[in-house]
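The values are calculated or read from the model by the stated rules, or taken from the named source; none is laboratory data. As the structure is a computational prediction, the values presented were derived from the model and not from experiment. Neighbour counts run over all protein chains shown; Cβ positions are idealised from the backbone, glycine included.
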Ligand code: SF4
Ligand code: SF4
C-alpha cells in the first residue's frame with residue numbers, strides 16, 4: 001500500500017501559477033466569473049498564496065494538504081469526505097449535503113463550495129472528472145483519477161505500478177520542477193528523500209493534522225510562512 | 001359561559017373567546033414577514049446558496065447564528081419551568097405555560113435554520129441513510145429531537161386539565177378540545193397519574209436541555225479553529241442559552257400582560273423574581289465571557305489574537321461592544337434595583353439581552369471564519385436580502401405560532417392558578433412549618449399573611 005505525498009520546494013517556486021491553471025484544466029474546476037470572484041467565491045484547488053515584504057515577494061502554493069489525520073473528515077455527518085486507505089482525502093460529491101462543516105473545520109481553507117451552479121457538462125472538459133453540481137464542497141484530490149488510470153494501465157500491461165506512473169497535474173506542469181509527487185512509503189523515491197530533508201516542514205505542524213504535503217523552506221534565512 | 005370557574009378567571013378566557021382587530025392585523029404583518037422569507041427561500045432553492053452573502057472563507061453566517069440563537073432561546077421554557085416546578089416555587093404558576101410554549105415553537109425554528117443552511121436540502125435524508133455518528137451535527141440532531149419530544153410532552157401534559165375545562169365551559173371548538181382532552185374527567189386516579197407524569201418529565205427535561213446547548217457548542221469547539229476550540233464552550237453556551245431564554249420569557253410576559261390585560265395575573269413580583277434571575281445570569285455570562293477572553297489574551301497565541309483583535313478593535317468591534325453593552329451594562333444598570341417599575345425595567349433589560357445574545361452568537365461564528373490561518377485575502381461578510389428575509393420569517397413564524405396558541409389554549413394555566421388558590425396556600429404554610437424547629441409551629445400560626453413563597 002502506498003502513501004501518496006507531495007513536496008513543494010519554495011526556493012524554486014516563482015509564483016507563475018502554471019500549477020493553478022493545470023489543476024483547473026485537469027479537474028474541471030469552474031471559472032466563477034468576475035462578479036462571483038469579487039464576492040470571494042473563486043474556486044482554486046491549488047492556490048498560490050503571496051506574502052509581500054519590502055525585499056521580496058514570497059509564494060506558497062497550497063493544494064489540499066491531504067492531512068493524514070484530517071480535521072475535515074471527522075466532522076462530516078454523511079461520510080461525504082473521508083481518508084482513503086492510501087491517504088488521499090476524498091470527496092463524494094453525489095452524497096455531500098452542503099452543510100459546509102468540513103470547510104469550517106479545515107485549518108488551511110482548502111475546501112471550496114459551489115455557491116451557485118457554476119458550470120454544466122460541455123466540450124473541453126476532462127471526461128475523467130465529474131462536474132460538480134451546485135451546493136456541494138469540492139477540493140484537491142491529488143488527481144485521484146490519474147491514479148485509477150495509471151493502475152489500470154499497469155494492470156493491462158501486466159506489471160506493478162512504478163514511480164512516475166502516477167503524478168498530479170500540478171507537479172507535471174511546474175516549469176521549475178518545484179513540485180515533486182510520489183509514494184512517501186517508498187524509501188528510495190524522490191518525494192520520500194525530499195520529505196526527510198532538513199529543509200522540509202509542514203504547514204501548521206503544531207495542529208497535529210500531519211499533512212502529506214511538505215514544503216522545503218527557502219534558504220536565505222527568511223522566516224517561514 | 002357564566003359558571004363559577006369562568007367567572008373567577010374571566011381574564012384568562014378572554015383571548016380564547018373574543019377576537020379583535022389587533023389579532024388580524026398582527027397575523028397580517030407576520031404573514032408578510034413569512035412571505036418575504038418564503039420568497040427568499042424559493043430563490044435560494046433554485047439558485048443555490050450563492051444568493052446569500054456567504055463566501056470563502058466565511059462559509060457560515062446568519063443561518064448558523066440564528067440556529068444557535070433560537071436553540072438558545074428554547075432553553076427558556078422547559079428548563080426554567082422544570083426548575084421552578086421542582087423547587088416548588090409558587091410564583092411559577094402564571095409563567096410556566098408561556099415559557100414552555102416558547103421552547104416548543106422555537107425549537108422547530110432553530111432546527112429549521114440548519115435545513116435552510118444546507119447547500120443540498122434535497123439530500124437531507126442522507127443524514128439518516130449514511131449518518132455518521134462521529135459528527136457533532138448528528139449529536140445535535142439527536143439531542144434536539146429528544147428535547148423537542150420531551151418539551152412537547154411537557155407542554156401537553158399540564159395542558160390536559162385546561163383543555164378539559166375549555167371543553168366543558170368555553171362552548172367553542174368543542175370537538176377539538178374533546179379530542180385533545182383525552183377523556184379527562186379529573187378523577188383522583190387521573191390526577192395522580194398526571195402529577196406523576198409531570199414530575200417525571202420535569203426531571204427528565206433538565207439533563208436533555210443541558211445536553212442540547214452543550215452539543216450545539218461542540219459544533220464549534222470540536223474543530224481546532226482559533227477561539228472556537230475551547231473547553232469552556234459547553235457551559236458557556238448553556239449559560240448563554242438560559243440567559244437569553246429568561247430574557248425571552250420576560251419579553252413575552254410583558255407583551256402578553258399588556259395585550260390581554262393580565263396585569264392581575266402577571267404582577268410586578270413575577271417580573272422582579274425573574275429579573276433577579278436574569279441579573280444572576282448576566283453576572284454568570286459576564287464571568288464566563290471574561291474567563292474565555294482573558295485566557296485567550298493572556299496566552300497570546302498569534303492565531304487566537306488575530307480573531308481576538310478583530311472582535312475588540314477590528315472590523316467586528318461594533319458588534320462586540322454592542323454585545324457587551326446589551327448583555328452586561330444595560331441589564332446591570334436596570335436590574336440591580338427592582339423595587340419600583342419592576343415590569344418596565346425588566347422588560348427593557350430583557351429586550352436588550354435578546355439582541356445582545358444574538359450578537360454574541362454572531363460574534364462567535366463569523367470572526368473566527370473571517371480570519372483564516374493562512375494569509376488569504378480577507379473577505380467581509382454581509383448578509384443579503386435573502387438572509388434578512390429568513391431572519392424576519394423566523395421571527396414571524398415564531399410569533400405567529402405563539403399568537404395562534406394563545407387563541408386556542410389558555411396561555412396561563414387555569415387549573416394551576418386555581419390549584420394555587422385552593423391547595424397551594426395551605427401547602428406552603430404546612431411546608432414552611434416543617435422548615436421550622438419543633439414547637440415554633442404553633443407560635444407561627446397567626447402569621448398567616450406573611451407567607452411569601
Ligand atoms: S488540508 Fe483541509 S481539506 Fe485537506 S485534508 Fe487537511 S483538513 Fe482536509
Ligand atoms: S459539506 Fe459535504 S463533505 Fe463537507 S461536511 Fe458537509 S456533507 Fe460532508
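Within the range B:92-119, the residues that satisfy the criterion of being under 12 Å from residue B:63 (Cα atoms) and part of a helix (DSSP H, G or I) are B:109, B:110, B:111, B:112, B:113, B:114, B:115, B:116, B:117. Of the candidates B:86, B:107, B:148, the single residue that is buried (at least 21 other Cβ atoms within 10 Å of the Cβ), within 25 Å of residue B:411 (Cβ to Cβ), in the same structural domain as residue B:197 (by TED's automatic domain parsing) and in contact with a helix residue (DSSP H, G or I) (Cβ under 8 Å, 6 or more places away or on another chain) is B:107.
Condition test on residue B:100, is it more than 14 Å from chain A (Cβ to nearest Cβ) and under 9 Å from the mean Cα position of the chain (by Cα)?
Numbers: more than 14 Å from chain A (Cβ to nearest Cβ): yes; under 9 Å from the mean Cα position of the chain (by Cα): yes.
The answer is yes for residue B:100.
In this structure, residue B:368 qualifies as assigned to a helix (DSSP H, G or I) and within 14 Å of chain A (Cβ to nearest Cβ). Of the residues making up the range A:187-209, just one is assigned to a helix (DSSP H, G or I), touching a residue at least 60 places away in the same chain (Cβ under 8 Å) and within 12 Å of chain B (Cβ to nearest Cβ), namely A:207.
The single condition among (1) more than 25 Å from residue A:193 (Cα to Cα); (2) more than 10 Å from every other protein chain (Cβ to nearest Cβ); (3) within 16 Å of ligand 1 (Cβ to nearest atom) that residue A:8 does not meet is (1). Taken over the range A:91-129, the criterion of being within 28 Å of residue B:379 (Cβ to Cβ), more than 10 Å from every other protein chain (Cβ to nearest Cβ) and more than 10 Å from ligand 2 (Cβ to nearest atom) is satisfied by A:119, A:120, A:129.
Is there a residue being closer than 24 Å to residue B:51 by Cβ, touching a strand residue (DSSP E or B) at 6+ places or on another chain (Cβ under 7 Å), touching a residue at least 24 places away in the same chain (Cβ under 8 Å) and not in a helix (DSSP H, G or I) anywhere in the range A:148-167? No; the residues of the range A:148-167 include none that is closer than 24 Å to residue B:51 by Cβ, touching a strand residue (DSSP E or B) at 6+ places or on another chain (Cβ under 7 Å), touching a residue at least 24 places away in the same chain (Cβ under 8 Å) and not in a helix (DSSP H, G or I).
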